[in-house]
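Novice: Before we start, here is the structure in question, set down as structure tokens.
Read the figures in this text as sums done on the coordinates, not as results from a lab. What you are looking at is a predicted structure, and each value in this text was computed from that prediction instead of being measured. Neighbour counts are summed over all protein chains in view; Cβ atoms, including those assigned to glycine, are modelled from backbone coordinates with ideal geometry.
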Amino acid sequence: MTIRPATSADLPAIALLQDAAPEASQWDPAGYLAYDCVVAQHGEALAGFVVCRRTAPGEYEILNLAVHPDARRRGVARKLLNHVMGAASQWFLEVRASNNSAICLYESVGFRQVGRREGYYGTSPEAAIVMRWDS
Ligand SMILES: CC(C)(COP(=O)(O)OP(=O)(O)OC[C@H]1O[C@@H](n2cnc3c(N)ncnc32)[C@H](O)[C@@H]1OP(=O)(O)O)[C@@H](O)C(=O)NCCC(=O)NCCS
């Protein structure tokens, strides 16, 4: 498994990964290259990707994360998060309240739940859970 920065050549595969992960945010992958976008490559295929950005000095945000259904529970997401998260910073993210897999993943790497935003997703009444990680 190789963890590396995404390139424009990865965008079609990232789009397919995102299609296979409806719980992930569904944005235009072309926009991801404006942020820090990192992929997990297994052989010729992409197993997962993460997108993040710096929001303030020392403060970062996970924007999106997905692992292909065939590659889950093998540590791919944990490797992606470990790769992008530096040692000395704060990280934030929002996750759907119903997304138990992702909440368990984030808690497993040290994020904790610090807030709840009702109606965050607009198209559904579902709340977002705000999670934070401190070095
Ligand atoms: C959430 C997601 C990224 C996890 O990816 P993954 O590569 O399977 O996760 P990992 O194998 O690295 O799991 C690491 C830990 O997270 C937790 N975890 C991951 N998936 C879990 C699940 N379905 N149920 C419970 N815990 C889970 C476990 O603690 C796991 O460690 P373990 O396997 O040793 O028990 C993946 O399920 C996915 O792509 N989901 C759809 C998209 C999505 O929800 N993205 C998040 C948007 S905020």
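Novice: When all C-alpha to C-alpha distances in segment 1-78 are sorted into bins of 5 Å, what percent of pairs does each bin hold, rounded to whole numbers?
Specialist: 3, 16, 30, 26, 16, 6, 2, 0
Novice: Could I ask something else about it? Tabulate in residue order the Karplus-calculated ³J(HN,Hα) for segment 89-106, using 6.51 cos²θ - 1.76 cosθ + 1.60 with θ = phi - 60°, rounded to whole Hz; enter x for Gly and Pro.
Specialist: So the J values, rounded to whole Hz, are 6, 10, 10, 10, 6, 10, 9, 4, 4, 7, 8, 4, 4, 5, 4, 4, 4, 5.
Novice: Place a point 7 Å from Cα of Arg78 in the direction of its Cβ. Which residues in segment 3-40 have their backbone N less than 18 Å from it?
Specialist: Only 3, 40 pass the distance filter.
Novice: Just want the answer: with Cβ charges of +1 for Lys and Arg and -1 for Asp and Glu, which residue in Ser124, Ala9, Ala24 is farthest toward the dipole's positive end in the chain?
Specialist: The one lying farthest along the dipole's positive direction is Ala24.
Novice: What's the long-distance tail for the chain, i.e. % of Cα pairs beyond 26 Å?
Specialist: Tail fraction, whole percent: 18.
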